[in-house]
Amino acid sequence: MPDIADVAIVGYGPVGQALTLALTRQGHRVVVVERGAALHPLPRAVGFDHETARILQSLGIADTFPGYTAACSRYEWRNATGQVLKAFSGLDQMGLSGWPDKLTFCQPELERVLDAEVRAGGHAEVLQGWEVVAVEQSADQAVLRARPVAATGAGTAARTEMGVAPEREIAARFVVGCDGANSFIRRAMDSRYEQLGFAADWLVVDIRPKDPKRWNADLLQICDPARPTTLVCSGPARRRLEFMLLPGETKESMNTPETVWELLRHWDWTPEDALLERHAVYTFGAGIATAWRAGRLLLAGDAAHLTPPFAGQGLCAGLRDVAALAWRLHHVLTGDAHESLLDSYGTERAPHARVFTEFSVMLGGVICVLDPQAAAGRDAFMLGPGKDAEDRYPDPHLSPSSVLHAGDPHGGELSLQAQVRLGGRTGRFDDVIGGGFVLIGLDQDPAADLDAAARGFLARLGAHVVGIGTGCDVEDVDGDYRRWFGRLGARAVLVRPDFYLFGAGEAGDLTRALAASAVWRAA
Ligand SMILES: Cc1cc2nc3c(=O)[nH]c(=O)nc-3n(C[C@H](O)[C@H](O)[C@H](O)COP(=O)(O)OP(=O)(O)OC[C@H]3O[C@@H](n4cnc5c(N)ncnc54)[C@H](O)[C@@H]3O)c2cc1C
């Protein structure tokens, strides 16, 4: 590896893996430092949404989905007597991003796929079993100090026959802390978690039914004050059960196979008909980092935001961070943009992540009720006056920034991906046309609306410029683009590499407005 990497990533969980892949695919030199000697084996995320699926598609792994994902149609919240308090339906319908609204999956399987892709690419150095213990930054680089972790436990320098194993210094132009909820990099940045008011201990269990017929795709929250319980699908052939710990129960006493089987028996699972794959106790929490960038140091994933799992959004937010950060780092590293482009990352992402965390905290407040009287009051409200309450997931826009079209109501809105046909090839837009910046015109070639400077600017960004619909090479297979443009009331859209709209309007205006942002260096 060269002496200075483009990016050093601390933490090789799914967010670190995805960011490594996104950056190396664009030709950047990445070094990753991960404390664990192997990939994390324990149960965690079970669901991701359509936007996350599109991000994973952009990393080139969508063809692996059938092996470890499953679609589910409905997410129900029931009380102790089985009445439905709340339901999210239509989850298997095609979402805006060209994938089902929700796919269930098995996180260790996804991590294996991401890791295999990173290794197949061969452009990243992945140091597993090394812990970052210090970081310093200067005007043009950041330097990590890492120590090998002894087999006896994290945080201890390995001893060799010669004494303590040598430390390593890793210099990089930027460091991204993807180092989870207890992030070392966050602390080094003097950023802290703003607590968003949630804490509860849950026992999380993954099983594999021995008889495939006993597997189902149900997603249920049982809001029973005697034992709040989650029963969900975690991809093909797997079921996830989660049990809230009650007062007096300890993590140690609950996290045993005996206790797990006792709890599973209540739901008709016994060692005769299921394999116990994994179990762990987690303290679910909620928080958001007060700063996402300090000079050459940045945060992504759980290091930047922690979300209770009730909305299935923690990893989704982390992968949105990856999509948002990868294109910014790319343009800064290539010299197209000033480092100030990186400031817009937290400006946009922090409020967006907060919406989902607060939504998840709200859902957690519904299920984590242990007092029978309070639960009865909740049920009466949700079945009575509250029964028409919003039953959709939030759909926030990004907050205004230097790389969103000022004053444009569609700037920061998620863009559509649907089926298109070009030259005999039919498929999802990103597969057929490509990713990155995309200027799309409806029933027109948007290039016709651009002067030489605007064309040159888009060419410099590597943007695709495409017309779709009547008289254009790209066919709108199901009419989805026509309906979408109709809703936007626009003839052209400028889509950013993270799939959010820079804006909607006229091609020339949009391109000139993006080019005028102070984040770009002169050509
Ligand atoms: C029970 C449960 C259910 C969940 N369900 C969902 C769901 O359905 N949908 C969803 O989207 N999300 C869900 N989540 C959240 C999701 O699992 C997390 O958001 C995701 O795993 C975070 O990934 P990450 O890469 O940011 O962090 P992590 O996976 O925590 O990785 C951080 C890595 O950094 C390493 N590290 C830390 N410090 C150092 C250091 N100093 N030096 C080197 N390495 C270091 C750690 O060893 C670790 O491997 C769930 C979480 C839990 C616990």
TODO: Using θ = phi - 60° and the Karplus relation 6.51 cos²θ - 1.76 cosθ + 1.60, list the HN-Hα couplings for region 176-190 in order, rounded to whole Hz, with x at every Gly or Pro.
DONE: 10, x, 10, 9, x, 4, 9, 2, 5, 5, 4, 5, 5, 7, 6
- [ ] Kindly flag which residue pairs out of K213/K387; K210/K251; K102/K213 have an alpha-carbon separation exceeding 31 Å in this structure.
- [x] K213/K387
Open item on the list: Skipping prolines and chain starts, which residues have an amide H placed within reach, meaning under 5 Å, of the one on L306, given they are 5 or more residues away or on another chain?
Closed with: G287, I288
Task: DSSP-defined beta bridges in the chain - what % are antiparallel, rounded to 5 - done: 70 percent
Open item on the list: Given the DSSP H assignment, sum -39500 (n - 2.57) over each helix run of at least 4 residues in the chain and divide by its residue total; what's the result at 222 nm in deg cm²/dmol, nearest 500?
Closed with: -8500 deg cm²/dmol
Task: Over region 1-159, relative contact order from alpha-carbon pairs under 8 Å, at least 6 apart, % - done: 27 percent
TODO: Go through 367-374, 317-324 and give me the packing order, highest mean Cβ count within 10 Å leading.
DONE: 317-324, 367-374
- [ ] Return the sequence-ordered ³J(HN,Hα) values of region 199-215 in whole Hz as given by the Karplus equation 6.51 cos²θ - 1.76 cosθ + 1.60 applied to θ = phi - 60°, using x for Gly and Pro.
- [x] 7, 7, 9, 10, 8, 10, 10, 10, 10, 10, x, 6, 8, x, 5, 7, 6
Open item on the list: Shape verdict for the chain, please, from the Cα gyration tensor: rounded (a/c under 1.5), prolate (a/b greater than b/c) or oblate.
Closed with: oblate
Task: Whole-Hz ³J(HN,Hα) from phi, Karplus 6.51 cos²θ - 1.76 cosθ + 1.60, for region 71-87, glycine and proline x - done: 8, 9, 9, 8, 10, 10, 10, 10, 8, 4, 9, x, 6, 7, 8, 7, 9
- [ ] Please sort 337-344, 180-187 by packing, taking for each peptide the average over its residues of neighbouring beta carbons within 10 angstrom, highest first.
- [x] 180-187, 337-344
- [ ] On the protein heavy atoms, probe 1.4 angstrom, tell me the percent of accessible surface of region 409-523 carried by carbon and sulfur.
- [x] 50 percent
Task: Sequence-distant residues sharing a close amide H with A418 (under 5 Å, placed H) - done: F429
- [ ] Along Cα→Cβ, 7 Å out, is where each label goes; now give me the distance between the ones at R214 and A199 in nm to one decimal.
- [x] 3.8 nm
TODO: May I ask you to give the percent of accessible area on region 205-286 that is carbon plus sulfur, with a probe radius of 1.4 Å?
DONE: 55 percent
- [ ] Would you mind working out the accessible area per residue for the chain, using a 1.4 Å probe, and quoting it in Å²?
- [x] 40 Å²
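The values are calculated or read from the model by the stated rules, or taken from the named source; none is laboratory data. Values in this document were obtained by computation on a predicted structure and should not be read as measured data. Glycine also receives a Cβ, built like all others from the backbone with ideal geometry; neighbour counts cover every protein chain displayed. These accessible areas exclude ligands, DNA and RNA; they are computed on the full protein's heavy atoms, side chains included. Shrake-Rupley method; radii C 1.70, N 1.55, O 1.52, S 1.80 Å.
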